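Take a look at the structure set out below.
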Amino acid sequence: MALDRKSTNSEEKSRTNPPDWSALIPVLPPAGRRTPALYRELRRLIEAGDIPPGSKLPPSRDLARRLKTSRGSVVAAFETLIAEGYAVARTGAGTFVADRVPMLRPALPVEAEAIAPKMPLPGTLGVAMADTRTLNLFRTLLSRHLTRPGPEHFQYGDPRGGAALRQAIAAYLRQARGVRCEARSIVITTGTQQGIDLFIRSALSPGDRVMIEDPCYPSARAAFAGNGLQLTGLAVDGEGADIALAAPGARAVYVTPSHQFPLGVTMSMRRRLALIDWARQTGGWILEDDYDSEFRFAGPPLAAMQGMDDSGRVIYLGTFSKVLFPGLRLGYAVIPDPLLDTMVSLRSRSDRSPPTLAEAALTDLIREGHFAAHLRRARRHAEAARDALVAGLAGARNLTVAVPDQGLHLVAGLPESLDDIEAVEIARQAGLGARALSAMAVTNPPRQGLVIGFSGFAREVLNAAARRFAAMIG
């Protein structure tokens with residue numbers, strides 16, 4: 001190689017002896033160990049290409065004098081570079097950057113959007129309402145447990161979750177939802193998604209067939225598909241999903257019977273009983289996702305399907321993300337005995353145990369009656385937000401809006417001439433969040449429509465965004 005032979009060529013001298021090292025002199029911190037700091041800075045200059053391969057490093061005495069450090073620190077830094085292959089020593093010639101070194105691109109600056117989450121557009125699904133009174137209460141309850149912390153906060157707890165919270169949830173579910181359960185059968189989760197995942201890993205194997213409502217909750221579809229399961233859609237009509245259309249050999253069915261997501265229909269009694277009979281006769285499992293049953297505006301919440309099952313084939317899933325806020329990351333699953341030990345074991349291996357501090361505050365919120373009062377306020381706010389959204393959309397002749405009597409979203413029908421993917425973009429331009437109904441299809445032909453939420457936004461903001469959208473589509 002050119003650098004291995006002696007040369008008096010001026011170009012060669014220029015390449016191996018840069019005339020001015022001033023711009024490349026490493027910058028060292030004012031204090032601390034000099035050798036590792038100098039090594040890191042020289043390596044950075046080499047990897048960035050500021051000191052090209054084959055370039056000669058300054059003499060150790062010269063570099064030590066410029067940096068006002070000992071020559072021994074410089075020599076030690078050079079020796080580390082040589083040992084790692086970044087530099088080579090040539091007897092009588094000096095120390096050179098190796099001919100082949102990793103060249104790293106400089107890191108791109110982090111955009112502000114990657115740090116600060118974007119504010120969702122009004123109408124976006126999955127946004128909870130911030131209730132000031134409840135937040136203040138929750139802060140007080142957290143402070144109570146931080147001021148007088150119990151021993152449960154300083155050790156790993158039951159992977160099912162704290163007994164006190166499970167007892168409070170069991171009492172609430174028996175009274176409000178007609179669920180057959182005791183505290184021992186409840187597993188606290190980080191939300192519905194974890195409950196689905198625990199069920200899949202406990203009861204199913206890759207390649208098993210699962211039936212899911214069509215159209216469906218996309219995150220549930222993703223959980224099943226991501227675990228290598230075969231998915232078949234169950235068409236949904238005015239009575240909900242029809243198990244009579246089930247594919248042979250299905251091992252499980254995922255349903256949202258109280259308020260089907262996304263269409264919003266309630267599964268009829270005859271369909272519920274038929275589904276329970278199917279599970280009893282085939283040994284299949286029913287995954288009942290009761291994600292927003294607390295938000296019923298006409299009459300009391302409907303009884304859960306799990307309470308009608310006497311064969312122990314229903315796994316009941318619930319969450320506090322909708323009724324309180326997603327950042328709490330607490331949900332629950334009511335597990336039949338045959339699956340309980342396996343699911344608890346999986347829970348302990350993947351997540352050890354739920355957060356005891358949040359559990360303690362939530363337990364007090366339920367037991368002291370604050371949760372029930374919160375639900376009453378939340379229903380009123382949700383109903384008013386629904387009415388504001390409906391009123392804003394009323395100006396569009398091309399939309400068909402059925403006013404829901406339950407839940408936190410509605411479905412708007414579109415004319416045949418307007419594709420729902422295109423309509424989502426128009427809504428975005430109007431400042432309204434919406435999702436395409438067609439994107440939620442599984443195996444049946446997709447339906448057209450927009451799914452729009454009304455939770456978590458001020459009524460006037462929702463109404464204004466809806467009116468802008470209505471004006472744009474006519």
When SER73 is run through (1) modelled with pLDDT of 85 or more; (2) surrounded by fewer than 18 Cβ atoms within 10 Å (Cβ to Cβ); (3) in a helix (DSSP H, G or I), the failure sits at (2)
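Kindly evaluate VAL442 against the criterion of being surrounded by fewer than 23 Cβ atoms within 10 Å (Cβ to Cβ) and either without any contact (Cβ under 8 Å) to a residue 40 or more places away in the chain or in a loop (DSSP other than H, G, I, E, B) (or both).
Yes; evaluated as a whole, the condition is true for this residue.
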Residue satisfying all of: in the range 249-289; touching an Asp or Glu at 6+ places or on another chain (Cβ under 8 Å) and of a type in the set (Ser, Thr, Tyr); surrounded by the most Cβ atoms within 10 Å (Cβ to Cβ) among these = THR256
Which members of the range 169-184 meet the condition of being assigned to a helix (DSSP H, G or I), open to solvent by 10 Å² or more (accessible area, probe 1.4 Å) and small (Gly, Ala, Ser)?
-> ALA171, ALA176, ALA183
Residues being touching a residue at least 40 places away in the same chain (Cβ under 8 Å) and exposed (fewer than 15 other Cβ atoms within 10 Å of the Cβ) - total across the range 363-382 | 1
Test result for SER321, of a type in the set (Gly, Ala, Ser), open to solvent by 10 Å² or more (accessible area, probe 1.4 Å) and more than 17 Å from the chain's Cα centre (by Cα) | no
Hand me the list of helices (runs of 4 or more DSSP H) wholly inside the range 326-426 holding 3 or more residues that are more than 27 Å from the chain's Cα centre (by Cα).
-> 370-393
When the range 182-228 is examined, which residues are found to be farther than 30 Å from ALA360 by Cβ and touching a Lys or Arg at 6+ places or on another chain (Cβ under 7 Å)?
-> LEU204, ASP208, ARG209, VAL210, ILE212, PRO215
Which of the residues that make up the range 241-287 are within 23 Å of ALA333 (Cα to Cα), in a loop (DSSP other than H, G, I, E, B) and within 26 Å of the chain's Cα centre (by Cα)?
-> THR256, PRO257, SER258, HIS259, GLN260, PHE261, PRO262, GLY264
Here the residues within the range 185-208 that are without any contact (Cβ under 8 Å) to a residue 24 or more places away in the chain and over 25 Å from the mean Cα position of the chain (by Cα) are GLY207
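The values are calculated or read from the model by the stated rules, or taken from the named source; none is laboratory data. Computed from a predicted structure; not experimentally measured. Every residue, glycine as well, gets a Cβ built from its backbone with ideal geometry; the counts of neighbours run over all protein chains shown. All accessible areas refer to the heavy atoms of the entire protein, side chains included, with ligands and DNA or RNA removed. Shrake-Rupley method; radii C 1.70, N 1.55, O 1.52, S 1.80 Å.
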